[in-house]
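Below is one structure; the comments refer to it alone.
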């Protein structure tokens, strides 16, 4: 069957030739009550909460393991984690295996492989039907109601239906495919956004010999002095990093996390841009590591053990919800009756360009923020029925997103979305029709404070 010549618009805005794919019947699965797209921190929490609340739950993750930025992204560092429910359960389970280095209740480091195994064990025990190497690539509605997602994997192209869906893709991929409105970055003509970072794991001969360069080494609450010391050593090796606050964290023993790069102005929904950024970042990681190794002495044997398979994205789509978390919420310390997370992390805006990075690597927006609530309404899609979201892609403005985007908050949001989705699916309601007192009761049953 031949295609009619046509043009389309690529993500970069350029006109390209188009091929009209012939329609075909896809295998269809209707067994799930809740479908979660994205198996990162928010998606894990959403799937566990939905399954533990009694809903038949499917979880799609396009990498080869669960955990997202925690595992595929080699983050090894957690912020704003002093939240009730799954956050505390994860901390307790990591402590049982003696794999967590605690700085304070909201902050700790961990080994990504231990996190990977724990998350998969939890999902299997809860009965979550997990499909790895599987990505949602299309979404279909009947009227306003999202009814079907299409995935691609080694099994080919498949269709899945459920009463309720949760977008935990980070970049709002499902919501955008379903027709949700969204914002990105500062919303200006230049597409100003926060940079990406590719993390790596490095092996050293003796971490103790590098203690003055390792942030929060052995649980010490020291970061800025360590960054300054590490930066001087990088400069002594003849290098300048694209990230103005190069950082080492201790994952375990002589295995460290190496965070030294920024990739500026990259749109996470443009595959060509993300690919080029990943390749540049990996080259920088190896170049700087080789230079440090060349110093000899305590840097002798400094080796890259692994680079992340997923570059770390700070800015993605922010889907339109029934409520939008905005800058003024942070300043006022806004409270909501349907609060699903209490955010304490400050505004954290990484420089948008290399030039800005050299003078102000991280800005706090010139704001004095207070702890504030994220309401459930910010997790319910405005333009599409039957869709919730959790994690970076919830409804918020650029400034608020720069605060709530860290993973402790993503877990709290995911739990609330999962509990709400289970109630909605089992009662035949839309998420916005579920009374808050029922959601609060479900969260209490999951170990969350009401």
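The values are calculated or read from the model by the stated rules, or taken from the named source; none is laboratory data. Worth saying up front: this structure is predicted, and the values here are computed from it rather than measured. Cβ coordinates were reconstructed from backbone atoms using ideal geometry, including for glycine residues, and neighbour counts include every protein chain displayed.
Assorted remarks:
- Within region 80-98, considering residues that are out of contact with any strand residue (DSSP E or B) (no Cβ under 6 Å at 6 or more places or on another chain) and under 24 Å from residue 254 (Cα atoms), the one surrounded by the most Cβ atoms within 10 Å (Cβ to Cβ): 90
- Qualifying residue in region 287-298 (condition: under 18 Å from the mean Cα position of the chain (by Cα) and at pLDDT 95 or above): no
- Residue check, residue 209 within 25 Å of residue 112 (Cβ to Cβ), touching a helix residue (DSSP H, G or I) at 6+ places or on another chain (Cβ under 6 Å) and in a helix (DSSP H, G or I): yes
- Of all residues in region 305-333 being farther than 30 Å from residue 258 by Cα and out of contact with any strand residue (DSSP E or B) (no Cβ under 9 Å at 6 or more places or on another chain), the one that is surrounded by the most Cβ atoms within 10 Å (Cβ to Cβ): 327
- Some residue of region 213-225 being within 30 Å of residue 326 (Cα to Cα) and either in a helix (DSSP H, G or I) or not assigned by TED's automatic domain parsing to the domain that holds residue 389 (or both): yes
- Within region 51-61, the set of residues being outside any loop (DSSP other than H, G, I, E, B), more than 17 Å from the chain's Cα centre (by Cα) and over 10 Å from residue 442 (Cβ atoms) comprises 51, 57, 58.
- Strands (runs of 3 or more DSSP E) fully within region 299-388 counting 1 or more residues that are more than 23 Å from the chain's Cα centre (by Cα) and closer than 21 Å to residue 282 by Cα: 303-307
- Some residue of region 192-206 being buried (at least 19 other Cβ atoms within 10 Å of the Cβ), more than 26 Å from the chain's Cα centre (by Cα) and at pLDDT 95 or above: yes
- Count - residues of region 74-98 that are touching a residue at least 60 places away in the same chain (Cβ under 8 Å), more than 15 Å from the chain's Cα centre (by Cα) and part of a loop (DSSP other than H, G, I, E, B): 4
- Region 62-73 residues that are outside the structural domain of residue 134 (by TED's automatic domain parsing) and part of a loop (DSSP other than H, G, I, E, B), paired with ones that are surrounded by fewer than 24 Cβ atoms within 10 Å (Cβ to Cβ) and modelled with pLDDT of 95 or more (beta carbon under 6 Å, 6 or more apart): none
- Any hit, region 424-435, residues being within 26 Å of residue 73 (Cα to Cα), in the same structural domain as residue 55 (by TED's automatic domain parsing) and modelled with pLDDT of 95 or more: no
- For region 281-317, the candidate set comprises residues that are free of Cβ contacts under 8 Å to residues at least 60 places away in the same chain and touching a helix residue (DSSP H, G or I) at 6+ places or on another chain (Cβ under 8 Å); within that set, the residue that is nearest to residue 170 (Cα to Cα) is 288.
- Yes/no for residue 26 being crowded, with 23+ Cβ neighbours inside 10 Å, modelled with pLDDT of 95 or more and farther than 20 Å from residue 167 by Cβ: no
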